[in-house]
Amino acid sequence: MQILVHYILSLCITLVSSFPQVQLHRTTLVGTDITELGLDFFGGIPYAEPPLGSLRLQPPVLKLNLDGGFFNATSFGLSCLQLGSSVPISEDCLTINIFRLLTVFARRTFGGGFESGSAAAFNASAIVAQSVIRGTPIIYVNFNYRLGPLGFPQGAEAASRGILNLAIKDQLAALEWVQKNIGAFGGDKDKVTVFGESAGSIMTSILFLHPSISKLARAAIFESGSASTSLTFNAERRQNAWNNFVEGVPSCDSFVGTPFTVDCLQSVNSSDVFEGLLLTETEATEEFPFDPTLDGVSGVFPNLPSQLLPQGQFARLPFIAGTNLDEGTLFCPPELNYTNDLLSEMLNANFSPPTVPQNILNELLALYPDDPSAGSPYNTGNETFGLAPLYKKCAALTGDLMFDSQRRHWIQTASDAGVKVFGYRFTQRLSTVPAELGVPHGSEVPFVYGALGSLNQTASANALSIMMIDYWVSFATSLDPNDGHGTSRPTWPQYTPSRQVLMQLDGDNLTVIPDNYSKEKIDFIISEGAVFRHRHR
């Protein structure tokens, strides 16, 4: 997750050495500077106690005070335990990172399907540097949260012990840390904007189902993810995924099926836990087995969003929400030979139990033509890229079902309630992305981070990146993307019941468009929310 904190210009500190320093309670944090951009960086700061031993598979324990007189904060902390990481990993990973204006004291939740990712992959130097140039400096904070079965335990035992959605509780702990400590870095705890992409956006959206989030943030930016984007069930539904994980942990396999798996897991070392992750990957029967889980009225995810939203159970805080043109392409494996029967089987498997009624499946599939020219990636005609012709049907359906329908339902509900909201559709294709993916999930991220340099993009794409940073920073500092600072850019209209419009983010055609694409399809999906896990029957 990311957080943008409005900068307090009047606060400064005298450096006592060649490295930037901050006094945090009784500890002096020693950071490093990014001289060429005029920024300070403080990284790897623990915001919670290490979730090891008896604290493994438990809610985070907030850590406000550090041990010792000095703390080396010159680099990112280790990434949380995950498979396939190219950087060092550890269970002792609940750390926070801060970028700010150099020598004068001036946040994001990352994606990764809840199973991978690291705060270190999101370098916000360009965002903070541009915020300074435009005269509205911000502090950027990001953090690590627990992943996979350690962050999202599943099954009856986890539910009975009250240890579901631990990663979302990590996020809450990080936000609490910001409230307690950001002032020491020159930030204003009353002007926190949270933003996230994919899993990070989903997690943040879930927090926005609680009006109490207003104590920790005043606004949000949701990139490609709403509370219902992940398939939401009770913890018991993914009991097999939890059993596979425990079975792979040496010395704990004999506890599978008992109510004592957590006790055993708390007694082993991290390398044993990692063995469990390996078996989880090889035995997985679904792409994302460790997702946010419904956890009851006193939990962080008390009910399906479409049950809560009509009741007014959500935060009335300003936000930006958007999706990319071809959200579904990454979620349709290109090697499959797609047929309508296969698509029907996939839908039923993902959204059961209960079994999806056949008439609903038939009606949904009939809304998406078998004609490749109507599928995703959009605007590619009859081209099938050497893949099964119905690959593009799968991608169009998946994008609407998981992302676009939920973004539209969320933003319309909020605007109807008088919330100040803005919507976007990102349509800028990266030349380095394979043609069969179009403008896929996650492709807006390098634009937001000003990280197009190595991608050899067009002048219009680079200009779009600068304008997107300006829109994002403007919203964080003024609750409106149109503050008049920075680059000259089109006015982004507020989304209202009488004017439901989006900003089309495209370097060659940056313009306002009506939010009515795929209307018949999305209206049907929203109307059948009980079937598609968006609300109860």
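The values are calculated or read from the model by the stated rules, or taken from the named source; none is laboratory data. Here the structure is a predicted model, which means the values were calculated and not measured. Note that each Cβ is placed from the backbone with ideal geometry, even for glycine, and that neighbours are counted across all protein chains shown.
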Return a yes/no flag: does region 340-355 have any residue that is outside any loop (DSSP other than H, G, I, E, B), on the phi < 0 side of the Ramachandran plot, among the hydrophobic types (A, V, I, L, M, F, W, C) and in the same structural domain as Leu231 (by TED's automatic domain parsing). no
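If I ask for residues that are of a type in the set (Phe, Trp, Tyr) and more than 23 Å from the chain's Cα centre (by Cα), which ones from region 493-537 would you list? Even if it seems obvious, please write down each step before you answer.
Start the filter on region 493-537 by keeping residues that are of a type in the set (Phe, Trp, Tyr), which leaves 495, 517, 524, 532.
Tyr517, Phe524, listed by residue number.
Of the residues that sit in region 241-263 and are closer than 16 Å to Ser160 by Cα and more than 28 Å from the chain's Cα centre (by Cα), which one is surrounded by the most Cβ atoms within 10 Å (Cβ to Cβ)?
The initial filter retains those residues of region 241-263 that are closer than 16 Å to Ser160 by Cα, namely 242-243, 256-263.
Still in the list and also more than 28 Å from the chain's Cα centre (by Cα): 256-261, 263.
Values: Val256: 16, Gly257: 13, Thr258: 11, Pro259: 12, Phe260: 12, Thr261: 25, Asp263: 15.
Ranking the qualifying residues of region 241-263, first place goes to Thr261.
Checking the conditions here, which among Val439, Val433, Val448, Val419 is in the same structural domain as Leu325 (by TED's automatic domain parsing), modelled with pLDDT under 95 and β-branched (Val, Ile, Thr)?
Unique residue meeting the criteria: Val433.
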Subset tally (residues that are part of a loop (DSSP other than H, G, I, E, B) and crowded, with 18+ Cβ neighbours inside 10 Å) for region 306-339: 9
Leading residue by the ranking (farthest from Ala414 (Cα to Cα)) among those in region 340-356 that are surrounded by fewer than 16 Cβ atoms within 10 Å (Cβ to Cβ) and either among the hydroxyl-bearing types (Ser, Thr, Tyr) or touching a strand residue (DSSP E or B) at 6+ places or on another chain (Cβ under 8 Å) (or both): Thr355
Within region 455-472, does at least one residue satisfy the condition of being out of contact with any helix residue (DSSP H, G or I) (no Cβ under 6 Å at 6 or more places or on another chain), buried (at least 16 other Cβ atoms within 10 Å of the Cβ), among the β-branched types (Val, Ile, Thr) and part of a helix (DSSP H, G or I)? yes
Give me the pairs, please: first residue somewhere in region 399-424 and closer than 12 Å to Ile320 by Cβ, second residue anywhere and of a type in the set (A, V, I, L, M) and surrounded by fewer than 20 Cβ atoms within 10 Å (Cβ to Cβ), beta-carbon distance under 8 Å, and either six or more positions apart or on two chains. Lys420/Leu479; Gly423/Val501
Name, by its number, the condition in (1) in a helix (DSSP H, G or I); (2) in contact with a Ser or Thr (Cβ under 7 Å, 6 or more places away or on another chain); (3) not small (Gly, Ala, Ser) that does not hold for Asp291. (1)
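Quick check: anything in region 348-359 within 30 Å of Pro514 (Cβ to Cβ) and modelled with pLDDT of 90 or more?
So in region 348-359, the residues within 30 Å of Pro514 (Cβ to Cβ) come out as 351.
Okay, now just the ones that are also modelled with pLDDT of 90 or more, so none.
Taking every residue of region 348-359 in turn, none turns out to be within 30 Å of Pro514 (Cβ to Cβ) and modelled with pLDDT of 90 or more.
From the residues in region 391-429 that are of a type in the set (Gly, Ala, Ser) and outside any loop (DSSP other than H, G, I, E, B), which one is nearest to Glu223 (Cα to Cα)? Lay out the reasoning, then the answer.
The first filter runs over region 391-429 and keeps only residues of a type in the set (Gly, Ala, Ser), leaving 395-396, 399, 405, 414-415, 417-418, 423.
Applying the additional criterion that residues be outside any loop (DSSP other than H, G, I, E, B) yields 395-396, 399, 405, 414-415, 423.
On the way: Ala395: 19, Ala396: 18, Gly399: 14, Ser405: 14, Ala414: 16, Ser415: 18, Gly423: 10 Å.
It comes out as Gly423.
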So which of Thr109, Thr95, Thr103 is modelled with pLDDT of 95 or more, among the hydroxyl-bearing types (Ser, Thr, Tyr) and either closer than 27 Å to Thr323 by Cα or not assigned by TED's automatic domain parsing to the domain that holds Leu479 (or both)? Thr95
Does Ala120 fit the bill of being of a type outside the set (Lys, Arg), modelled with pLDDT under 95, more than 30 Å from Val268 (Cβ to Cβ) and surrounded by fewer than 24 Cβ atoms within 10 Å (Cβ to Cβ)? no
Give the residues of region 289-302 that are over 15 Å from Glu236 (Cβ atoms) and surrounded by fewer than 19 Cβ atoms within 10 Å (Cβ to Cβ), sorted by residue number. Val297, Ser298, Pro302
Restricting the search to region 357-383, which residues are within 15 Å of Leu325 (Cβ to Cβ), surrounded by 16 or more Cβ atoms within 10 Å (Cβ to Cβ) and under 28 Å from the mean Cα position of the chain (by Cα)? Gly375, Ser376, Pro377, Tyr378
Would a scan of region 40-62 turn up a residue that is out of contact with any strand residue (DSSP E or B) (no Cβ under 9 Å at 6 or more places or on another chain), modelled with pLDDT under 95 and not β-branched (Val, Ile, Thr)? no
Among the candidates Ser478, Ser518, Ser488, residue that is of a type in the set (S, T, N, Q), outside the structural domain of Leu294 (by TED's automatic domain parsing) and on the phi > 0 side of the Ramachandran plot: Ser518
Reported set for region 437-477 where residues are under 30 Å from Thr384 (Cα atoms) and of a type in the set (D, E, K, R) is Glu444
